[in-house]
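Working notes, beginning with the structure itself.
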Amino acid sequence: MLVAPFNNVDALASIIAEHGDDIAAVIVEPIQRIISPKPGFLQAIRELTHAHGIVMILDEVVTGLRYGLTGAQGYFDIVPDLATYGKIIGGGLPVGAVAGRADIMDQANPSNKGSAGYVYQNGTLQGHLLGCAAALATLDILEEPGLYDRVFSMANELRRGLQRVFDDEKMGIIVFGEGPMWHMLFSDKLPTNWRDIVATDTKKLAAFEAEMIRQGLFVLPNNRRFISIRHTQDDLDATFEAARNACRAFKA
């Protein structure tokens, strides 16, 4: 396994140039945990993999359905060879999916068992009725007109509101993210890869996050956060108040 820094097309091109004949696939999250791709980054991966006959796998376990019914593929206008999805399909129940090119997917088709190129694939909960029923119900909800527009709008307001609080309180925190996701760092610039994140004061952030929890705002420490379809304007207002209280308690 070879690792290329996120958002670094030159590094990936160099790896492919040196090891291209031995690389079966390039796996990438369209948004690496909390880091957005630079314009054209995913498209460059698509072009490089296609030119060298390498399978591009888009890990949509986090972004699938969260960025629209077409996931990050539609959001960023990118078509990989394979894509993976997780329990978001079933609203949190144990269900997942793999989608992709017919010629690749056909290799795991049970009707081809015994033939050349057949790949055995199985899972404990494969085809589980409860997970599948939950997935259909989830899709019914996500197909409601205007749902994604409302969630994205609330997420934008959340990021703007938190940034305003942190600026007012002179915390030196940047709030970032896109779509329904958001995060914050003690930094003055947007991160473009994981190295940018670990270069910030993560211990200070962990201490501040603990204060936010004490003020009644639950955040998963050192991780991305989301707006969901269940959040309301009252939730945003309460978040801003808790964040301001956390800032003042932290500084004290």
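The values are calculated or read from the model by the stated rules, or taken from the named source; none is laboratory data. The model shown is predicted, which means the values in this text are computed figures rather than measured ones. We place every Cβ from the backbone using ideal geometry, glycine too, and count neighbours over all the protein chains shown.
Worth a mention:
- Residue 96 meets each of the listed conditions (1) over 23 Å from residue 3 (Cα atoms); (2) out of contact with any helix residue (DSSP H, G or I) (no Cβ under 9 Å at 6 or more places or on another chain) apart from (2).
- Selection status of residue 152, closer than 24 Å to residue 37 by Cα, surrounded by 14 or more Cβ atoms within 10 Å (Cβ to Cβ) and touching a Ser or Thr at 6+ places or on another chain (Cβ under 6 Å): no
- Candidates 218, 186 - the one that is among the aromatic types (Phe, Trp, Tyr), outside the structural domain of residue 71 (by TED's automatic domain parsing) and modelled with pLDDT of 95 or more: 186
- Subset of region 200-223 [out of contact with any helix residue (DSSP H, G or I) (no Cβ under 7 Å at 6 or more places or on another chain), surrounded by 12 or more Cβ atoms within 10 Å (Cβ to Cβ) and not in a helix (DSSP H, G or I)]: 200, 201
- Residue selected from region 67-108 under the condition polar (S, T, N, Q) and surrounded by fewer than 20 Cβ atoms within 10 Å (Cβ to Cβ), by the criterion farthest from residue 24 (Cα to Cα): 70
- So residue 83, is it out of contact with any helix residue (DSSP H, G or I) (no Cβ under 8 Å at 6 or more places or on another chain), of a type in the set (A, V, I, L, M, F, W, C) and more than 24 Å from residue 198 (Cβ to Cβ): no
- Comparison of 45, 34, 54 shows that the only residue that is surrounded by 15 or more Cβ atoms within 10 Å (Cβ to Cβ), touching a His at 6+ places or on another chain (Cβ under 9 Å) and β-branched (Val, Ile, Thr) is 34.
For every residue, the table says whether it meets (1) more than 23 Å from the chain's Cα centre (by Cα); (2) closer than 30 Å to residue 245 by Cβ; (3) surrounded by 12 or more Cβ atoms within 10 Å (Cβ to Cβ).
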position: 112; (1), (2), (3): yes, no, yes
position: 116; (1), (2), (3): yes, no, no
position: 120; (1), (2), (3): yes, no, no
position: 133; (1), (2), (3): yes, no, yes
position: 180; (1), (2), (3): no, yes, yes
